[in-house]
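*Asks:* The structure under discussion is supplied below as structure tokens; questions concerning it will follow.
Nothing in this text is a laboratory measurement; each read-out follows from the coordinates by a stated rule. In this text the structure is predicted, and so the values were computed from the model without any measurement. Backbone-built Cβ (ideal geometry, glycine too); neighbour counts: all protein chains shown.
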Amino acid sequence: MRNTFIVAHRELGGYFATPVAAVFIVIFLALQGALTFNLGNFFDRNQADLAPFFNFIPWVFLLLVPAITMRLWAEERRLGTIELLLTLPITQGQAVVGKFLAAWGFCAIALALTFPFVLTVNYLGAPDNGVIASGYLGALLVAGAFLSVGSALSAATKNQVIAFVLALAVCFVFAVASYPVVTEFLSRNTPVLAELARRVSVAERFASFTRGVIALRDLVYFASFIGFWLFLNTVIIEHRKAD
Amino acid sequence: MAALIEIEGLTKRFGAFVAVDNISFNVERGEVLGFLGPNGAGKSTTMRMLAGFMTPSSGTARICGHDVRTRSLAARKSLGFLPEGAPTYPEMTVLAFLQFCGRIRGFSGAELGRRVDRAVAMTTLAGVRLQPVETLSKGFKRRVGLAQALLHDPEVLILDEPTDGLDPNQKHEVRKLIAEMRAEKAIVISTHILEEVDAVCTRAIIIANGRIVADATPSELQLRAASGKLDDVFRDLTLPKAA
């Protein structure tokens, strides 16, 4: 546990020691702002809630989270520091979870910096802040899910571009799995998969958080989703660390 | 008492290619073993297996009695390892980097400060403690890697090309340091510089194509060539015999 936090602390410090943190946070906030206010018709809707904000957040994460995770392991491989890190007396699991927690903590910081949206909507009306809090929790879990995918895929390559594209593609699949385009196509051809697609979809789970519903089965879903990918990450590191 | 490093039938295969072929030897306390061989002979692969970064295909090694296959964590705790090229996190300062390694090694508070100060003093890094590693010259980077390996005062030191890229004065310093530490440790260094073997090693092993071709003291090795030069012995042993 202690080692996990030491790794996470170092990793998180790394984001802020380089322009990565500043660039990511600025782009995230600008993109999220533009989408919410312009495409989302935040003001014209005349409703005191953050629905437009939360509608766009999985898509913004889809684009930006792979940009964080692509360097997570690929960079260690390229610099050779993976050899240093994994010959220190820590287990691979501690290293994997530590790096993941750092990236997740970083996303949480970026997410927390969207607080002006909450202030704005509270100034303009009387929103249900419980629903907003539940939406934020959902957003954080979506970020965690995408991060775990990106982290595992980053471990499989030393090329950051490949890590980025793979993570984007896989996260996209999980994001759109419940969309009618996909489910209708699947139910026409393989009905079994259509039901499965709906169940593994990140977007569908997130939607219930934005309605203010925090269901145990959704929490279990995100926990097992993240757990699965981090386990895969550890296995990939174990088998390919020296490649 | 058993030797600090015991290697038994250590073998590493990459597909059909045998990088390290059934190597066995022991290193006792007080020995400085020079590990020589042409590029690609299997030096780094052997050292990586000792440090727990690569898993042997067969055979094993014990560091202070801890098997690297079954008690990897305990083996890594008793070992200081300088990976090839001395990789370090470029954005961290020397001090932050050493503190990170020290924390992972289980030190904290005043003890951590003392350990870091000691390692900094031994490798004469005091002047650059607060500089990011990426701004340092090659020689300094190498010493940062060395300082990291010395933090916990391990009984076993595995140094992959510790003097590569250092100027003659720095080389002299590192050799002096190794000679000073010799009495209470078992040290393995790999090198291309044959004069170094003469200067610091009590014993030399030459490997070629993954096999040990010579294991003797430097002065014994010199006697094997008519010229009495290590260079000639090295060429004799590692070049394919002209038929």
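*Asks:* In the range A:2-240, what is the volume of the convex hull around the alpha carbon atoms, normalised per residue and reported in Å³? Mind dumping the intermediate values first?
*Replies:* Numbers: hull volume 32.3 nm³, N = 239.
Hull volume normalised by residue count: 135 Å³.
*Asks:* Let me ask another. Taking every eigenvalue of the Cα gyration tensor of the range B:89-153, multiplying by 5 and rooting it, what semi-axes result, largest first, whole Å? Could the numbers behind the result be given before it?
*Replies:* Working: eigenvalues 65, 27, 19 Å².
Over the Cα atoms of the range B:89-153, the semi-axes work out to 18, 12, 10 Å.
*Asks:* Right, another one. How would B:M92, B:M181 line up from fewest to most surrounding beta-carbon atoms within 10 angstrom?
*Replies:* Details: B:M92 20, B:M181 17.
Listing B:M92, B:M181 from fewest to most nearby Cβ atoms yields B:M181, B:M92.
*Asks:* Where does helix A:92-112 land angle-wise versus the long Cα axis of chain A, in degrees 0 to 90, nearest 10?
*Replies:* Helix A:92-112 and the main axis of chain A meet at about 30 degrees.
*Asks:* Using a Gaussian network model of chain B whose springs link C-alpha atoms within less than 10 Å, name the residue from B:E84, B:E134, B:E196 with the highest mean-square fluctuation.
*Replies:* B:E134
*Asks:* In 20 Å bins starting at zero, report the fraction of Cα pairs in the protein assembly as shown per bin as a rounded %.
*Replies:* 21, 45, 25, 9, 1
*Asks:* Could you grab the relative contact order for the range B:38-109? Cα pairs under 8 Å, six or more apart, rounded to a whole percent.
*Replies:* Working: 47 pairs, mean separation 14.2, N = 72.
So the answer I get is 20 percent.
*Asks:* Under the rule of -39500 (n - 2.57) per DSSP H run of 4 or more residues, summed and divided by the residues of chain A, what mean residue ellipticity at 222 nm is obtained, to the nearest 500 deg cm²/dmol? Write out the running numbers ahead of the final one.
*Replies:* On the way: 12 runs with 194 residues, N = 243.
Estimated from H runs of four or more residues: -26500 deg cm²/dmol.
*Asks:* When we measure straight from the Cα of B:K176, which lysines land under 19 angstrom away, once same-chain ones fewer than 8 places off are left out?
*Replies:* B:K141, B:K185
*Asks:* With a 10 Å Cβ neighbour count serving as the proxy for reagent exposure, in which order, fewest first, do A:H9, A:H239, B:H152 appear? All intermediate terms of the calculation are to be shown ahead of the outcome.
*Replies:* Working: A:H9 16, A:H239 12, B:H152 20.
Lowest to highest Cβ neighbour count: A:H239, A:H9, B:H152.
*Asks:* Okay, next question. Residue by residue through B:87-97, how many Cβ atoms from other chains fall within 10 Å of the Cβ on average?
*Replies:* Numbers: counts 9, 4, 11, 6, 7, 4, 1, 0, 0, 4, 2.
That works out to 4 on average.
*Asks:* Tell me what chain B gives for mean residue ellipticity at 222 nm when only DSSP H runs of n ≥ 4 count, each as -39,500 (n - 2.57), the sum divided by the residue total, rounded to 500 deg cm²/dmol.
*Replies:* Working: 9 runs with 88 residues, N = 243.
-10500 deg cm²/dmol, from helical runs alone.
*Asks:* For chain B, what is the charge dipole size about the Cα centre, in debye to the nearest 20, if Lys and Arg each add +1 at the Cβ and Asp and Glu each add -1 at the Cβ? Could you put the intermediate results ahead of the total?
*Replies:* Values: 31 positive and 28 negative charges, 115 e Å.
Taking the Cα centre of chain B as origin, the dipole is about 560 debye.
*Asks:* Looking at the range B:1-81, I'd like the Rg to Rh ratio, where Rg is from alpha-carbon atoms and Rh is Kirkwood's inverse mean 1/r. Display every interim value, and only then the final one.
*Replies:* Numbers: Rg = 12.1 Å, Rh = 12.8 Å.
With Rg and the Kirkwood Rh in hand, the quotient comes to 0.95.
*Asks:* Within straight cross-link reach of B:K138, meaning Cα distance under 16 Å, which aspartates and glutamates are found once same-chain residues fewer than 8 apart are removed?
*Replies:* B:E84, B:E91, B:D160, B:E161, B:D164, B:D167, B:E173
*Asks:* Averaged across A:72-80, how many Cβ atoms of other chains sit within 10 Å of each residue's Cβ atom?
*Replies:* Values: counts 0, 0, 0, 2, 2, 0, 1, 5, 6.
Counting Cβ atoms of other protein chains within 10 Å of each residue's Cβ and averaging gives 2.
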